[in-house]
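Undergrad: For reference, the structure I am asking about is given below.
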Amino acid sequence: MSYYGNGGVRTRIPEGIKKGDDRTIPKSYYLIPVAIGAAGLGTAFLLRGLVRMTRSGSSSTGRNSSKLKDTVGSGFFAKRYADGGFEPEMTKREAARILGCRESAKKDVITKRYRALMKANHPDLGGSRYIGAKINQAKDILGATARDE
């Protein structure tokens with residue numbers, strides 16, 4: 001066993017290694033975890049795209065399938081948008097879609113989404129009065145039955 005000084009610290013040199021030998025980690029050891037991570041992300045992306053394609057390509061029999069417009073875009077990047085305007089009488093479902101939260105959301109979530117939407121759509125700041133009224137109505141409908149905590 002031999003020792004040598006390393007900045008004032010004595011370091012034990014394992015058997016078979018001499019002072020000055022190259023003891024760096026090969027670059028391929030860094031490449032393996034990166035390749036595994038990239039393969040995992042790629043697989044997740046492909047599965048997500050396949051799910052979207054099957055949902056948008058087939059005729060759905062859901063409750064609101066008639067309200068959903070055909071897809072915009074194709075393949076992995078397809079998005080579905082609601083068709084048409086607002087319903088004559090606003091429901092909790094429509095209110096939740098306007099605010100972008102769940103029907104059973106808590107009051108703080110509803111308030112947070114309401115403030116973000118009104119900041120972007122306030123009539124005094126150039127937004128539409130109609131859209132502002134619909135956002136207010138959605139907040140009132142969801143806020144009436146929302147939990148405090």
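The values are calculated or read from the model by the stated rules, or taken from the named source; none is laboratory data. Fair warning: this is a prediction, and the values are worked out from it, not measured in the lab. With ideal geometry, Cβ positions are generated from the backbone for all residues, glycine too; neighbour counts draw on all protein chains shown. Only protein heavy atoms, including side chains, enter the accessible area calculation; ligands, DNA and RNA are left aside. Shrake-Rupley method; radii C 1.70, N 1.55, O 1.52, S 1.80 Å.
Undergrad: Looking at segment 91-118, which of its residues are surrounded by 13 or more Cβ atoms within 10 Å (Cβ to Cβ) and among the polar types (S, T, N, Q)?
TA: Selection gives Thr111 alone.
Undergrad: Here is a list of conditions, (1) modelled with pLDDT of 80 or more; (2) open to solvent by less than 60 Å² (accessible area, probe 1.4 Å), and Gly73 meets all of them except one; can you say which number that is?
TA: Gly73 satisfies every listed condition except (1).
Undergrad: What single numbered condition from (1) out of contact with any strand residue (DSSP E or B) (no Cβ under 9 Å at 6 or more places or on another chain); (2) open to solvent by 90 Å² or more (accessible area, probe 1.4 Å); (3) at pLDDT 60 or above fails to hold for Gly20?
TA: (2)
Undergrad: What are the residues in segment 99-115 that are free of Cβ contacts under 8 Å to residues at least 40 places away in the same chain and part of a helix (DSSP H, G or I), if any?
TA: Asp108, Val109, Ile110, Thr111, Lys112, Arg113, Tyr114, Arg115
Undergrad: Within segment 119-149, can you find the residues that are open to solvent by 50 Å² or more (accessible area, probe 1.4 Å) and in contact (Cβ under 8 Å) with a residue 40 or more places away in the chain?
TA: Across segment 119-149, the qualifying residues are Gln137, Lys139, Thr145, Arg147, Asp148, Glu149.
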